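Values in this text are rule-based calculations from the coordinates and carry no lab data. The shown structure was predicted, so the numbers you read here are calculated from the model rather than taken from an experiment. Note: ideal-geometry Cβ built from the backbone for every residue, glycine included; neighbour counts use all protein chains shown.
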Amino acid sequence: MYNKLQYISQGETAEKQLYNIHQALDAGCKWIQMRFKNQTFENRIILAETVKNICEEYQADFIVNDDVLLAQKTAADGVHLGLTDMSISGARAILGEKKIIGATANTFEDILLQTKNGCDYIGLGPFQFTETKEKLSPILGIEGYASILNKMKIENILTPVYAIGGITLENIESLIKTGIYGIAVSGIITKSLEKEKLVQQLNDKLYADVII
Ligand SMILES: Cc1ncc(COP(=O)(O)OP(=O)(O)O)c(N)n1
Ligand SMILES: Cc1ncsc1CCOP(=O)(O)O
Ligand SMILES: [Mg+2]
């Protein structure tokens, strides 16, 4: 099963992206989503090839944001697609069954659609306000997660759900109680001055109830 913590990269330049990704891996993150917006395909592919190699060294999974062809060209472990990106079924046709395809949802109806099309996990959010992304969908809060995850339970939809958007250490216990599987974060890790300690604390909370 997938790691419960996904780090979504940040940085306006390839150098900053690489620095942040390296730091996250050094701190113990085992799953990186490369999110490098407003860049040419060439710039993104140069970065993606380097990040793929680094992730291999750290035995971390590597997926790319938005771009199925970039994922295919770099033999990434997968891709994360939003509601306005390529369809999940279209991506599956290109990437095949073995690659990870994550899908964004903001409502239960989104989850119905994305799971029907065969996504491997759902990124459900935003949980709360965040400066990391522009044009946020409506904020869900704990009540939103509880309601949506309850509907998933009733419909027996077992696809793992990752909470996303402004998540901090303090939110994890209550989010887990709603039934989420993991979290996807950017800001708290990028900004932390004690990344290793933070990643340990996040994992301690995320894996608290897992019986080994
Ligand atoms: C794990 C995860 N969940 C949601 C998103 C958001 O994807 P999207 O809606 O396509 O927005 P952008 O990230 O492309 O701005 C995500 N990236 N990862
Ligand atoms: C990509 C994305 N999609 C919804 S919120 C978000 C940003 C998550 O970053 P942060 O953890 O810094 O709020
Ligand atoms: Mg997107």
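For the residues I180, I176, I111, I148, the requirement of being assigned to a loop (DSSP other than H, G, I, E, B) and farther than 30 Å from E15 by Cα singles out I180. Residues of segment 68-97 that are out of contact with any strand residue (DSSP E or B) (no Cβ under 7 Å at 6 or more places or on another chain) and within 16 Å of ligand 2 (Cβ to nearest atom): T84, D85. The single condition among (1) within 14 Å of ligand 1 (Cβ to nearest atom); (2) buried (at least 17 other Cβ atoms within 10 Å of the Cβ); (3) closer than 19 Å to Q6 by Cβ; (4) not hydroxyl-bearing (S, T, Y) that V51 does not satisfy is (1). For segment 99-119, a tally of residues being under 23 Å from N156 (Cα atoms), surrounded by fewer than 20 Cβ atoms within 10 Å (Cβ to Cβ) and more than 11 Å from ligand 1 (Cβ to nearest atom) returns 8.
Among the numbered conditions (1) more than 10 Å from ligand 2 (Cβ to nearest atom); (2) crowded, with 19+ Cβ neighbours inside 10 Å; (3) in a loop (DSSP other than H, G, I, E, B), the only one that G166 does not meet is (1).
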